[in-house]
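The values are calculated or read from the model by the stated rules, or taken from the named source; none is laboratory data. Just so you know, these numbers come straight off a predicted model, no measurement behind them. Note that we place each Cβ from the backbone using ideal geometry, even for glycine, and neighbour counts take in every protein chain shown. Just the protein is used for accessible areas: all its heavy atoms, side chains included, with ligands, DNA and RNA removed. Shrake-Rupley method; radii C 1.70, N 1.55, O 1.52, S 1.80 Å.
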Amino acid sequence: MVVKMVKIKKFHVKIRTLKLELGVDDNIEAFDGVKMMAIKMKWKGEPKFGLVPFHYKQKKDVTSRRILKKLGQANNSIEWNNDGDEFENVCCFTEVSGCYQSLKYSPWDVSFNVLYSNNLEAKMVLIGKMVVNVAEMASKMVSEIEEKLPITLNIGKLSISATLHNVGKPEPSTESKDKNEGSSKKSAWEVKELQSRDGQTRLKTNVFFASFDQCSDKAAGESACTALVAVISHWLQSNRDAMPTRSEFDNLILQGSSEWRKLCQNDTYINDFPNKHFDLETILRAGIRPIAISHDQSFVGFFSPEKFESLQGVMSFDQIWDKISSIAEDTAFEPRVYIISWNDHFFVLKVEASAYYIIDTLGERLFEGCNKAYVLKFDDSTMMYEKVNAEEKSQKNGTKAKEAGKEEMICNGKECCREFIKRFLAAIPLKELEEQEEKETVSYFSLHHRLQIEFNSSYLLSSSSSSLTSSPFSSSATSTPSYL
């Protein structure tokens, strides 16, 4: 074991609320009595000292209450103009290495909650919110900034003044999760045995886990999987011969979740996606990372389409996999990064000549109760076993199996990646739909929703690229997805 030094920059941050400009809101206007407003600030970031943190430090501040006399006319704003409404904190920003330039430091969020009451005694209620990542200001080396910030729920705009001062040289922090941490292919791997949810299949392979996943309080990225795969794909394309270490994986999850939260503050995106689960086209057009999709190297298909009347003739998952595998066998093959969309979730597949990797930021996809993002490595050491049914065994071989429940190896090596997707991810929804199809024809919508899988081949955009396009199935695509 060795100690790794992590650079931390400490800034003294002051934030002062200046003015809240409200639009006409019928819900507020309907209340009787005095209309009172306040701003509650929550600081959410890393502690000042110690090891690289697993939990954020939180600090809360509330402005004095202000009275709003009229709404919808000239006096529809509130101003704070005294020093009592200036708040400060010492923020320690961990430097993030090898990441996107605009995100030099790990996130340090300050949320602004707009509170309302129509009565001095009544409890104030939340009517608007927005989040600012002050680490972005520090990464741009801006010492002082004053700007108008949009508040969600369309209630108006909040003007704040934010000042950052560097208060010393970078502070070192110590971090052990091994001696080969700098070598991505040797960092943090462990051999693990995993059981499929239907209990029929067992996988033995190399796995490594992040410290948390997208749904953790630290990441706060409940529906951020589309932004996360864009951030992870960009890192993989920028580091072609590497996989992220645990600390890098953690930082990628924080970055992607932060990008997603920023998009959630945009009314246009929220109007199109009320559930905040953005599609790939929206994420790539937003330009959070300079990547795009290669249309002619991407595929769309279904799991076992031959079993459903309405899917006859469409491309199957196995056909897609055969195509990808044959490409990977080419002697001139370069590693490829696919963004996979399946069953309302996105994850990443990296294809190398010697190994395949699945990178997923939602732990529950691996097994129930898992709350850490993970990377699965499928190489020559990987093995997959299947439970043998005694009756089926006797029908196949003509001799009865000696013991029910015995296991036999069904595949090894990179081929286990194909079987993992089929048996660990798709087996249960496929079986449910097969049983439903026996009773009546299953609707194409249900099959599309639960069985369609997309392999979007990503690539880095050059600085001269003029446009960002995403899914190969977009109406604006200049070419079509590949079919066999």
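3J(HN,Hα) along the stretch 426-438: 9, 4, 5, x, 5, 5, 4, 6, 4, 5, 5, 5, 5 Hz, from the Karplus curve 6.51 cos²θ - 1.76 cosθ + 1.60 with θ = phi - 60°, whole Hz, x for Gly and Pro. Considering only protein heavy atoms and a 1.4 Å probe, what is the carbon-and-sulfur percentage of the accessible area of the stretch 307-377? Carbon and sulfur together cover 44 percent of it. Highest-first packing order for the peptide set 354-367, 273-286, 431-444, 216-229 is 216-229, 354-367, 273-286, 431-444, based on the mean count of other beta carbon atoms within 10 Å.
Summarising the amide proton neighbourhood of ARG197: residues at separation of 5 or more, or on other chains, whose placed amide H is nearer than 5 Å comprise an empty set. Amide H contacts of GLY156 (H built 1.01 Å from N, in plane; Pro and chain starts excluded): GLY23, ILE151 sit under 5 Å, all sequence-distant by 5 or more or on other chains. Here the 3J(HN,Hα) profile of the stretch 442-459, calculated from phi with Karplus coefficients 6.51, -1.76 and 1.60 at θ = phi - 60°, is 6, 5, 4, 4, 5, 5, 4, 5, 9, 10, 6, 9, 10, 10, 9, 7, 9, 8 Hz, Gly and Pro shown as x. 3J(HN,Hα) along the stretch 242-257, derived from phi through the Karplus expression 6.51 cos²θ - 1.76 cosθ + 1.60 where θ = phi - 60°, amounts to 9, 10, x, 6, 4, 5, 5, 4, 4, 5, 5, 5, 5, 5, x, 5 Hz, with x in place of Gly and Pro.
Extension gain, ASP267 to ASP380: 0.36 nm times the residue separation minus the Cα-Cα distance gives 35.8 nm.
Remark: accessible surface ordering of ARG240, ARG261 (largest first) is ARG240, ARG261, probe radius 1.4 Å. Scanning residues 5 or more positions from LEU461 or on other chains, those with amide H under 5 Å from its amide H are ILE291, ALA292, with H placed 1.01 Å from N in the peptide plane.
Computed from the C-beta positions of GLN319 and LEU460, the FRET efficiency with R₀ = 25 Å rounds to 0.35.
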